[in-house]
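Enquirer: Can you read through this structure? Questions will come right after.
The values are calculated or read from the model by the stated rules, or taken from the named source; none is laboratory data. Nothing here was measured: the structure is a model prediction, and the numbers come from that model. No Cβ is skipped: glycine too gets one built from the backbone with ideal geometry, and neighbour counts run over all protein chains shown. Heads up: the accessible areas ignore ligands, DNA and RNA and are worked out on the full protein's heavy atoms, side chains in. Shrake-Rupley method; radii C 1.70, N 1.55, O 1.52, S 1.80 Å.
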Amino acid sequence: MVNSHCWVNHFQAFVLIIFTFVISAQSDVPRPRGVSLSKASLYSPTKDFTCFDGTVTIPFNYVNDDYCDCFDGSDEPGTSACLNGVFHCTNAGHRPENIPSSRVNDGVCDCCDGTDEYAEPETCKNTCEEMGREARAEAQRLADLHKAGNHLRLELIEKGNKKRNEMAEQLSQLEKDKTEAIKIKEEKESLKNELEVKENEVLQVYRDAEEKERKRKAEEEKEALIKEGTEYFSMFDSNDDNVLTVDEVKGVNAFDKNKDGEVDQEEIQYFLGNNESVDKETFLSTTWPMLKPFAMSEQGVFQQGEENEEVDDHDADEVTRDLETDEGDNEEENAEDDLPQDVDQEVEPESSRIYDDETQKIVDEASEARRQWTDAERAVREIESNIRNFQQNLEKDYGPQQEYATLDGQCLEYEDKEYVYKLCLFQKVTQKSKNGGAEVGLGNWGEWAGEDNKKYSVMKYTNGIACWNGPNRMTTVNIHCGLETKVLSVSEPYRCEYNIELATPAACDESNVSQQPSHDEL
């Protein structure tokens, strides 16, 4: 790379280097243009220059010769020859600054002292003193703000640690309460089970008596239905051969379902199925349950409404169920006996029945035992819920010294022309239109998201309500020092992504603020 140089260029570069050192003479340590004081020792004019990456060593007069010899651009800090080089602005009176060396002599004043545009010095005016005064005034303002806010922050820290200790104590007490509540629940359950066994024994006498009475009535109803069906069969069986034929059916008005004056094939099939005749036994078990409502109607027993002259098939189904055998009833009743006593059944509730005094006493005791067990079980669930809440709060990160702990749950509102925004710290962010409507979730508490050592400068609230054909809403909260906790502004820089600027004394850490801007050199 060295052999490719033009000697004319190097001579010109030597002149530039001399000029550079003259310009930099304002500092005690001479160094090439664009080099910071901290790196001045790496640029010694008494020896060859080695690129910072160690790949190439060149004569010192190649430095700032407007030709890029080093791959890392370190040989051209004061020119724009290397795209990856770095130019250092001394900016005496203000903050020093590093800019890409590609910006050198580009006609734009990047350094407040104008040193990046040395080819035409008149292009840039030195504004460092003015900018320095403004920066120092702002730094002083921030320092004063943090100093005043830090007193409030210390109070928040004290309250936050007190709150955390109280939560830990309450959690410990809840754990003890849970143990005691579980013990009480188990005792109540044991008593309940014991009394329910007694209750079931004394009530079984009533159930048996009721079942016996039910069966008696069912048998009487069954006999009455069979007797009634037999009488009608005899009326319909005109030739007394104990068989009811299609011809005999056609002459009976009761088989005329639609009351059109004749018994058609569809009606015959409805009552007789695909049979040409039915015997007495089949009539009583199958045909009569369907026919009975129509026969009763024919005799004036069932009064039909004017708007519904046809007998509902539901009535026939009811009669069919009345003629079912006792075996099905017995199986159903046995199944009911196995049900818990507090399950609603189709029979009369036991609590509304009238018992003898001794039985009623046992029923009342069992009912009270069930109530007490239910209350004990509810108490355990409530304690467990409170334990989960305290555990979640104790696991939350309230800052390195618990300074944000007392802000948990505090809700702050901010209004613009269209919406009312509500930030509930460590919980959620919502938006509501001033024209009405429901609140829209803009995110739920997620995590601290500040970069590097500024973790607690940014909050993230995620998984809000989904936008129409878009992602779930989310909110970033940028935190600043302030003498009171309030929302400064709300914006939506991107669709469904919101920014909130929040001021709070909890962010006023005096140790992180310097009253004067830092300087690399004077």
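Enquirer: On full extension of the chain, what length is gained from ASP240 through ASN386, given 0.36 nm per residue of separation minus the C-alpha to C-alpha distance?
Expert: Values: separation 146, 0.36 × 146 = 52.56 nm, distance 8.23 nm.
Full-extension gain reported as 44.3 nm.
Enquirer: How large is the accessible surface of TRP448 in square angstrom, using a 1.4 angstrom probe and rounding to the nearest 10?
Expert: Number for this one is 20 Å².
Enquirer: Between SER41 and LYS460, what is the FRET efficiency for a Förster distance of 60 Å, r being their Cβ-Cβ separation, to the nearest 0.05?
Expert: On the way: r = 44 Å, r/R0 = 0.74.
For R0 = 60 Å, the calculated efficiency reads 0.85.
Enquirer: Separate question: Is region 70-215 best put as rounded, prolate or oblate by its Cα gyration tensor, with a ≥ b ≥ c the root eigenvalues, rounded for a/c under 1.5, and otherwise prolate when a/b is larger than b/c, oblate when not? Display every interim value, and only then the final one.
Expert: Details: a/c = 6.03, a/b = 3.39, b/c = 1.78.
The shape class here is prolate.
Enquirer: Right, something else. Could I have the simple spin-label model distance between PHE52 and GLU201, label points 7 Å from Cα toward Cβ, reported in nm to one decimal?
Expert: With each label placed 7 Å out from Cα toward Cβ, I get 9.5 nm.
Enquirer: I would also like to ask the following. Pop a pseudo-label 7 angstrom from the Cα along the beta-carbon direction at both GLU210 and GLU166 and give the gap in nm to one decimal.
Expert: According to this spin-label approximation, the distance is 5.5 nm.
Enquirer: Still on this structure, please answer the following. Between ASP364 and GLN173, what's the calculated FRET efficiency when r is the beta-carbon distance and R0 is 25 Å? Round to 0.05.
Expert: Working: r = 36 Å, r/R0 = 1.43.
Step by step, r from the Cβ atoms, then E = 0.10.
Enquirer: Please state the shape class of region 134-299: rounded when a/c is under 1.5, otherwise prolate if a/b exceeds b/c and oblate if not, all from the C-alpha gyration tensor. Display every interim value, and only then the final one.
Expert: On the way: a/c = 8.43, a/b = 2.66, b/c = 3.17.
Oblate is the answer for region 134-299, as a/c is 1.5 or above yet b/c matches or exceeds a/b.
Enquirer: Something else now. List every residue whose amide H lies under 5 Å from the amide H of CYS467, counting only residues 5 or more places away in sequence or on a different chain, with H placed 1.01 Å from N in the peptide plane.
Expert: ASN472, ARG473
Enquirer: Another question about this same structure. For the cross-link pairs LYS125/LYS454; LYS162/LYS192; LYS147/LYS460, which exceed 32 Å when the distance is taken from alpha carbon to alpha carbon? Let's see the in-between values first.
Expert: Numbers: LYS125/LYS454 36 Å; LYS162/LYS192 44 Å; LYS147/LYS460 27 Å.
The answer is LYS125/LYS454; LYS162/LYS192.
Enquirer: Shifting gears a bit: How far apart, in nm, are the 7 Å Cα→Cβ label points at GLN265 and ASP356?
Expert: Here the modelled spin labels are 6.8 nm apart.
Enquirer: Here's a follow-up. What residues have an amide H closer than 5 Å to that of LYS428, excluding those fewer than 5 places away on the same chain, when H is modeled at 1.01 Å from N in the peptide plane?
Expert: It is TRP445, by chain and number.
Enquirer: List the residues whose amide H sits under 5 Å from the amide H of HIS480, counting only those 5 or more places along or on another chain, with H placed 1.01 Å from N in the peptide plane.
Expert: Excluding prolines and chain starts, which carry no amide H, the hits are LEU502, ALA503, THR504.
Enquirer: Would you mind telling me the share, in percent, of accessible area of region 348-502 contributed by carbon and sulfur at probe 1.4 angstrom? Write out the running numbers ahead of the final one.
Expert: Working: 4010 of 8940 Å².
Exposed carbon and sulfur together represent 45 percent of the surface.
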